[in-house]
Amino acid sequence: MSESTFLQFEDEPDADVPQVAAALDDEVAYSPWRVLVTDDDQDVHETTEFALLGLHILGQPLELLHAYSAEECIQVLKTQKNIAVVLLDVVMETEDAGLKVVERIRNELGLHQLRIVLRTGQPGQTPEFETISQYDINDYKTKSELTRGKLFATLTTAMRSYDQLNRLELSRQGLEKIIQASTRFIADQGMQSFAEGVITQIAGLLGIAPEGVVCASAEHADAGSLQRNTVTVIAAAGNCRHWMDSTLDEIEDAHIVESLNQALKEQKTLVHRQSVTLYFAGNAGSNFAAHIAADIPLREVDRRLLEVFCTNISLCANNVALFNRLHELAYTDSLVRLPNRFASLETLRNRMETGALEGQVLVKFDIDQFAQANETLGHAYGDSLLQALVGRLNAQFGKTCALGRLGGNTFSILGPHRDVTAESVLSVFDAPFETANMTRRLSASIGLVRFDEAMPRSAEEFLEFALVGLKRAKSQGLGRAAWFTRELGNDAKERSSLLQGLHKAVDMSHLFLVFQPKVEVQSERVIGLEALLRWRDESGNMVSPDRFIPVAEQSGLIVAMGLWVLQSAIETLTQLSQAGFDDIQMGVNVSVVQLEHPEFMPEIKRILANSSIKANQLELEITESIAILGVDRVVALLEAIGALGIGLAIDDFGTGFSSLSYIDRLPADRIKIDRSFIKKLDGDPRAARLARLIIPMGHQLGMKVVAEGVETATQLAALKEMGCDEVQGYYYGKPMLYNDLLLWLQEHRHPQTQQQLPAN
Ligand code: C2E
Ligand code: MG
Ligand code: MG
């Protein structure tokens, strides 16, 4: 809709309500120009009055006010409004009393529209041009010049410029209000407060009490076939307040109903004697009309301002609609129609500020193995599962709790103790989900935190605490729930400070490698080394890999660290080969996180290609935790590594959830029996059972068996007797720095002649 067609003032056909033009005429008819005559000579007052008697200027009569001194003039101006012109005597109490009054009018009273005509007894008493330009004076006359005719001409000019200045000022104030209104509308977010704003702003603009209604026609309502019951009041003020939310046909005031109806139907703005009904075009077919009771006649300036206002408001209405849409997009998850992460955090923040979190429990939960279901059964199926789950969540918690979707398969529930428990959340997963003709059981890992126990300092921290619980739950397996506790919180804090330190260590190269020999049991030959990562923190203390590796894994930092380890291990192999040890293999520990990383294989290839090291000199040690990737992926990954000629060892064997069917499929070259089993070899011979089982099994599968953590001759003898192929442990050598390793290797170059094995 173009601006020019937007606002058409429509005169009301109803005969007993005077029309606008008439209203304006009326206004003209009864508002006189006020003129203040200031002179210390009573005669001048009388002459002036006589001269102006019965005169109309620009169609309006005159009203004279009188002051007899400079001071009185100022007092009258201070108390009386809308004085258009002052006829001012220059010489009163003093020679220049009148000029001083002029100065005070402009500077002290700030009356800039007021026109001033100076009058003086004798011509040439005050320099004319200078005075006029200095004091913004309309005219300068000698008293003898003020005949009826001259006075009329002078006053007409003065009134015209007063009127223009006044209109300009009113327009300026009005435009200022419109601009203020617009910014306020944009800041307000809802259509309702927008509509309320419209009433207040129009009222403000016209200088009347806010009294009226704003209504909206239903979306896509065809203007021609407007139904009164599809038009609803969306804001109401003053006497009309009780009509809020009513439909048009429920409003008992016939004039209001008719005006609104007509405005909407004809898409026009109507100005009546007692009211104004504005029409605003909304977007998407929904339109607005505002009816304001205006018990004063509208001036021309008001009409023009309303015109600008309507155009502006139409734009604002569309902006508000757009804003709402953007707001919704930004805060609502479009798939399941739940508040998203931002919105959930916002809710937490608001409740925290108002103290409404007391007695509340926050839950953060993940659907277990959801990514796999998504991958194997398709995203559409995954989506329908999520929707079904949200249906259940709404049914179970919707009434008393705030639900949110924090991410892909992560949800939050915030609600009172009695409703939100581990059991109530777990029970959502009791029944299988039947969607898209498939029945599937789901489980979730659930973290819970009580506000009163955790006393978080921020919404983010509260959510962080729920995550601590969730992580604990996950560490216990699938479908588990865990509450946040202070101890868990401290643990998490320690991990986070560890991670910070680790980031620094990586940047500052505070990490280094040590190497531990692997010895062949029968020949006692050194057949390989294991590269082990070390970190000396800023205060010089060694931090155990058992502490920092899990933190690096969780944060993903292990990817960068692991690459550095691989690179350094290969460099060490090159150095060793230059030192004459070229048949040594290097074991490098690799975490699941690294293996899963898409850049892992390309990087390994690149590192090997840039070195003179043969692929089979490198062996990757992988723990059974890799099982979480699922057999098929693990086998595919390990086969790809094997295809490059790189060796593979299953590390810490016996500590994970080893599955025999599983191990059969792994293309590994070695099994490393975990240290915990070797320890037992010293005492109770029955404890050796597992080692006795693993060794022949490894051989059956075509793998070498290595024993880790061999510390004593007794352990070594037992392993030898069982047929264990290789050992690694303090008995032969601790993990060493490169220089110590070189010395150690030189010493052990000819083990048969140099090394005396202790007797069994
Ligand atoms: P792991 O791969 O099983 O390494 C063997 C661990 O046993 C090493 O501990 C080693 O110092 C220790 N050890 C060797 N012989 C003996 C012995 O006779 N007695 C005793 N008590 N301990 C012995 P470390 O160096 O503390 O490493 C612990 C774990 O940290 C490693 O277990 C490995 O899982 C992980 N790790 C170490 N370096 C790296 C690395 O570069 N990358 C990755 N992803 N993990 C690493
Ligand atoms: Mg290892
Ligand atoms: Mg190990």
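General observations
- Think of region 341-484 as having a plus end and a minus end, set by charges on the Cβ of Lys, Arg, Asp and Glu; of 345, 373, 409, 373 sits farthest toward the positive end of this dipole.
- Contour excess over end-to-end distance, with Cα ends at residue 254 and residue 112 and 0.36 nm allotted per residue: 46.6 nm
- Inter-centroid distance (Cα atoms) of region 395-445 relative to region 39-63, Å: 87
- For region 488-579: accessible area per residue (Å², 1.4 Å): 46
- Per residue value of the accessible surface for region 33-170 (all protein chains in place, 1.4 Å probe), Å²: 49
- For region 374-509, the Rg and Dmax computed from alpha carbons only, in angstrom: 17.3, 56
- Per-residue surface analysis assigns residue 152 an accessible area of about 80 Å², computed on protein heavy atoms at 1.4 Å probe radius.
- Average accessible surface area per residue within region 409-473, 1.4 Å rolling probe, Å²: 45
- Accessible area of region 341-484 belonging to carbon and sulfur atoms, whole % at 1.4 Å probe: 49
- Share of carbon and sulfur in the accessible heavy-atom surface of region 540-601 [1.4 Å probe, %]: 50
- Amide hydrogen neighbours beyond the local backbone of residue 725, cut-off 5 Å, H modeled: 705
- Of all aspartates and glutamates in the structure, those lying under 13 Å Cα to Cα from residue 471, and not within fewer than 8 positions of it along the same chain, are 366, 368, 491.
The values are calculated or read from the model by the stated rules, or taken from the named source; none is laboratory data. Keep in mind it's a predicted model, so treat the numbers as computed, not measured. All Cβ positions, even for glycine, are placed from backbone atoms using ideal geometry, and neighbour counts span all protein chains on display. These accessible areas exclude ligands, DNA and RNA; they are computed on the full protein's heavy atoms, side chains included. Shrake-Rupley method; radii C 1.70, N 1.55, O 1.52, S 1.80 Å.
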